[in-house]
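To start, the structure itself, in structure tokens.
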Amino acid sequence: MTDLVFGLVASHGIVIILGITFLSCLAVPVPSSFVLLAGGAFVASGDLTGWQVLVAALAGAVLGDQVGYEVGRHGGPALLAWLERAPHRALVVSRSRGLIDRWGGSAVFFTRWALSPLGPYVNPMAGALGMARLRFIAFGIAGEAVWVMIYVGLGYLFASNIDLLADVAGNAVGIITAGSISGLLGYLLWRRLAPA
């Protein structure tokens, strides 16, 4: 997989970066974080231009977020019903709904980078629940900028150890997401069971 992704980024550059980040925000299982790491590594080697990689990655992610938001805004109840048919998606939808209900724009911001596996589900949920478009855009752009800067920056700094970095980054995101969700669910359970 590493060689394939490197080959695609090497041969198609910012077009692949833009396309992959766009698709990842629509819950298409593509290696978006690794593509950003590869983009940073190619910037370090001088094969790609830094600002172009950053702009392409941010543009793809923001466009993907907006499509997800609009799908939720216009297809709300039908979309939620379809997503909740599969048990694994129903759990993610439930968590996304809880995040938006409780945290609003902050949920959008943190699911762009710290809780990124939930991001593609938060996008349509924000639209379906009627979050203001400008609020969604502002928090989404801020969060996506953090995500892009972290991964492109790490790819640039650790270009010679990109395979190891990709493994570590993937594990770290999973651990952070699982820990955050567990902590949030524990807190909600504690609040529910605590004496009034």
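The values are calculated or read from the model by the stated rules, or taken from the named source; none is laboratory data. Being a predicted model, the structure only gives us computed values, none of them experimental. For neighbour counting, all protein chains shown are included, and Cβ atoms are generated from backbone atoms with ideal geometry for every residue, glycine included.
Just a few scattered comments:
Yes/no per residue for (1) within 15 Å of the chain's Cα centre (by Cα); (2) at pLDDT 90 or above:
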position: 112; (1), (2): yes, yes
position: 127; (1), (2): no, yes
position: 134; (1), (2): no, yes
position: 139; (1), (2): yes, yes
position: 143; (1), (2): yes, yes
position: 146; (1), (2): yes, yes
position: 150; (1), (2): yes, yes
position: 176; (1), (2): yes, no
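- Top-ranked residue in the range 1-45 [being in contact with a Ser or Thr (Cβ under 6 Å, 6 or more places away or on another chain) and not hydroxyl-bearing (Ser, Thr, Tyr); ranked as surrounded by the most Cβ atoms within 10 Å (Cβ to Cβ)]: 20
- Failed condition for residue 9, given (1) at pLDDT 95 or above; (2) more than 12 Å from the chain's Cα centre (by Cα); (3) among the β-branched types (Val, Ile, Thr): (1)
- Residue that is in contact (Cβ under 8 Å) with a residue 60 or more places away in the chain, over 22 Å from residue 37 (Cβ atoms) and in a helix (DSSP H, G or I), where the choices are 95, 135, 89: 95
- Flag if residue 16 is of a type outside the set (D, E, K, R), in a helix (DSSP H, G or I) and over 26 Å from residue 133 (Cβ atoms): yes
- Number of the condition not met by residue 2 [criteria: (1) over 25 Å from residue 126 (Cβ atoms); (2) at pLDDT 90 or above; (3) among the β-branched types (Val, Ile, Thr)]: (2)
- Among residues that are part of a helix (DSSP H, G or I) and within 30 Å of residue 10 (Cβ to Cβ), residue 44 is included.
- Matching option when the condition is part of a helix (DSSP H, G or I) and touching a residue at least 60 places away in the same chain (Cβ under 8 Å), among 22, 34, 109: 34
- Filtered residues of the range 101-130 (kept if surrounded by fewer than 22 Cβ atoms within 10 Å (Cβ to Cβ), under 19 Å from residue 79 (Cβ atoms) and aliphatic (A, V, I, L, M)): 129
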